[in-house]
Structures are given as C-alpha cells and as structure tokens.
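The values are calculated or read from the model by the stated rules, or taken from the named source; none is laboratory data. Because the structure is a prediction, the values reported are computed rather than measured. As a convention, Cβ positions derive from the backbone with ideal geometry for all residues, glycine included, and neighbour counts pool all protein chains shown.
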Amino acid sequence: MRYVVTGSAGFIGRHVCTALLAEGHEVVGVDAYTDYYDPVRKRANTAWLSSRDRFTPVERDLVTEPVDDLIEGCAALIHLAGQPGVRLSWADGFDTYVDRNVNASQRLLEAARRTRVPRLVLASSSSVYGQAPASPCREDTPLRPRSPYAVTKRACEDLAGVYRALGLDVVALRYFTVYGPRQRPDMAVRRMCEAVEGGPAFELYGAGHHVRDFTHVDDAVDATVRAMRGPTSEVLNVGGGESAAMVDVLDRLGQLAGRPVPVVRGVAQRGDVDRTGADTAALRRLGWSPQTPLNAGLASELAWVRARDQGLVALAGRAS
Ligand code: NAD
C-alpha cells in the first residue's frame, strides 16, 4: 500500500508516518517546512524518516504547488499539514491561516476528487466547538469557534462536506490537545517539560483553571490509522479521555520530575476556551480506545525532553 501524508515533518505527521512504515507500507511524506516553528526540527524529522525503508520525502507547498502527481494511485491520503495554534491567528496572522488551512485543504480536496483518492483523512481540531455549553462534546454539538484558527478549521470541515457530497470519501478528525514525545515547541506540556528541566519558566496564561482533554500522540496515531481504514464516517472526535486543568498538569509534572515546574504568570489569551472534552463513542465503534493514561503520557514526554537534552535522542530516534 502507498499512503500519502501531508505535514509529515510535523509533530503528528512524523508519528503517523513512523506507524505506517512500521506496518510495512510505502509512505510519501509532503511538507513545506514552514516557519511556524524552527524548520530545522522539521527537517530532522524528515531526515530520520528518510533513513527508513520505503519513505519518500517531497518538499512542496500545498498552497501553490501541484499535488495530483503525488496522490494519484495512493491507498489513502492523510492531510495533517496546516498552520496550528490559536495565538498567531489574530490580526495580520489570519491570512497565513486562511492560506495554509483553508486554501491548501481546498486544493487537496479538489485534487483528491480529480484523482479518485479512495479516502482522505483531514486534521480538524477540538477548537471548532469553542466555548461549548456542556462537556463532553459529541460530534453533533453545535460549532461555535472562538478564534480565527478555529474558524479556518471549521471552514476545512465545511469544504470536506462539499466534496463529500460530490462523492469523495473524506473524514475530519477533531484532535483534542495531542501531546507526547516531539510535541510542538509552542504547546503547553512541552514548555512545562522544558521549564522543569532548566529551560525558561513556564508562562501560565490566566489562572490556569482551563481544562483540556489530553490525547497521547500514540492514541492520536491509532485513531488516525483506524479512521483511514474503518467504515466511512464524516467527523470523529479524537480525545484521550483524561481531562485536567493546567494547574493540575503542572502539579503532575512537578511530581514526576521531583521538583516544581518554574512558572511565571501571564495574561489569559484571547480565543482560549474554559474546557474541552471529547465524547469518543463514534471513534470507539472503530475499535479504538485510549491506551495511555495522562501520567504515563506526561512521563513519556518528560523522558524525551531529558533524552534530547542529554544528546540521546539521535540514538533513541526509533522510540517515539
Ligand atoms: P505541526 O506544525 O507540527 O505540523 C504541521 C506541518 O505542516 C508542519 O511540518 C508544516 O511545515 C506543514 N505545513 C504547513 N503548511 C504547509 C503547506 N502549505 N504545505 C506543506 N506543508 C505545510 O502541527 P501538528 O501539531 O503536528 O498538527 C498537525 C495537524 O493537526 C494540524 O493541521 C493542526 O492544526 C491539527 N491539530 C493539532 C493538534 C495538536 O494538539 N497537535 C490539535 C488539533 C488539531
């Protein structure tokens, strides 16, 4: 089987590619190495994947460059490329989000229909729910995005619906706060791990009482692969099932590290919602259930940060 993964040099993308390669498949990984965070880290992911058999890296910008030749004849297309994060999506930042999320996805959906891709899995986000009146959210909970980023993800889902009506088999995955080894450097758990290991103090936005449904990356990968192979569905929540407030996560990490995480207080951020929570009944019908409890998952990310700081990650590259 040949699979195409966009955003292959990113956090979730690298893990998805690794899992597909481990199953013995051929993987074409597409990435543009955007500067949302240091592209050097992304190129290191590609270098590692390229050292495996059956991985073909392709540097291409989905906003501007053709893609038909890449996806024609593939068994499935997993579209993870995009501009993540809420904070930069305000003001002048919005154009980039529209380009990298909405325009890139529309071009890919169009190409997937043209070339008859059997299944397209598209990365959406829990942020489309916004400030939901109740938690956990089912997939049919009304969407009320609270940030420009979330608006672009909702637009991607709407576009998926448009192309689904034209016959394309496309499923959108609403990922809930994915964490674990190699997490994006802007995300909270990564910044906490680095703070407790001697990096800059963790900036806690507001009082830290906002609650997130945390999903370990191994569980997110399992969900992604099942969504790629399972019966047709339109939208699936991907949530790890263990919710915790930021202050609780700080406490847990402090206990795991054996010392408190250094914290500086910052202001509450626009677009941050009080709580996210996933009802995962639909995903569980595909045989999925989360396997990584929060404490074990936090320990895995802390261990990765420590190994990286000790220069061991290159040696330990095979481990997630
Ligand atoms: P990431 O930034 O690590 O990976 C995204 C990759 O896409 C990057 O390597 C980037 O270079 C690439 N990319 C961006 N624009 C591109 C373009 N125009 N052409 C080709 N490549 C491009 O992010 P991630 O955390 O791995 O997230 C993957 C996807 O999942 C994103 O769409 C994100 O919005 C979504 N998501 C992630 C989370 C999470 O918790 N990590 C939660 C909800 C949704």
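Number of residues in the range 232-261 that are assigned to a loop (DSSP other than H, G, I, E, B) and within 22 Å of the chain's Cα centre (by Cα) equals 6.
In the range 250-266, the residues that are exposed (fewer than 12 other Cβ atoms within 10 Å of the Cβ) reach residues that are of a type in the set (A, V, I, L, M, F, W, C) and part of a loop (DSSP other than H, G, I, E, B) with C-beta atoms within less than 9 angstrom, at least six apart or across chains, in these pairs: VAL264/ALA201; ARG265/ALA207. Please tell me if ALA172 is crowded, with 18+ Cβ neighbours inside 10 Å and not charged (D, E, K, R). Yes; evaluated as a whole, the condition is true for this residue.
Taking the criterion of being of a type in the set (Val, Ile, Thr), surrounded by fewer than 18 Cβ atoms within 10 Å (Cβ to Cβ) and closer than 15 Å to LEU80 by Cβ, the only residue of the range 36-62 that qualifies is VAL58. Looking at ARG154, ARG144, just one residue is part of a helix (DSSP H, G or I), of a type in the set (Lys, Arg), more than 11 Å from the ligand (Cβ to nearest atom) and touching a helix residue (DSSP H, G or I) at 6+ places or on another chain (Cβ under 8 Å), and that residue is ARG154. Before we move on, is ARG184 within 14 Å of the ligand (Cβ to nearest atom), modelled with pLDDT of 95 or more and surrounded by fewer than 22 Cβ atoms within 10 Å (Cβ to Cβ)? Spelling it out, ARG184 is indeed within 14 Å of the ligand (Cβ to nearest atom), modelled with pLDDT of 95 or more and surrounded by fewer than 22 Cβ atoms within 10 Å (Cβ to Cβ). Beta carbons closer than 7 Å, at least 6 apart along the sequence or on distinct chains, pair a first residue in the range 17-35 that is over 15 Å from ALA47 (Cβ atoms) with a second that is part of a helix (DSSP H, G or I) and among the basic types (Lys, Arg) for THR34/ARG100. Going through (1) hydroxyl-bearing (Ser, Thr, Tyr); (2) within 13 Å of the ligand (Cβ to nearest atom); (3) in a loop (DSSP other than H, G, I, E, B) one by one, THR224 falls short only on (3). If you filter the range 39-80 down to residues that are touching a residue at least 40 places away in the same chain (Cβ under 8 Å) and under 17 Å from the mean Cα position of the chain (by Cα), you find that the one that is nearest to the ligand (Cβ to nearest atom) is LEU80.
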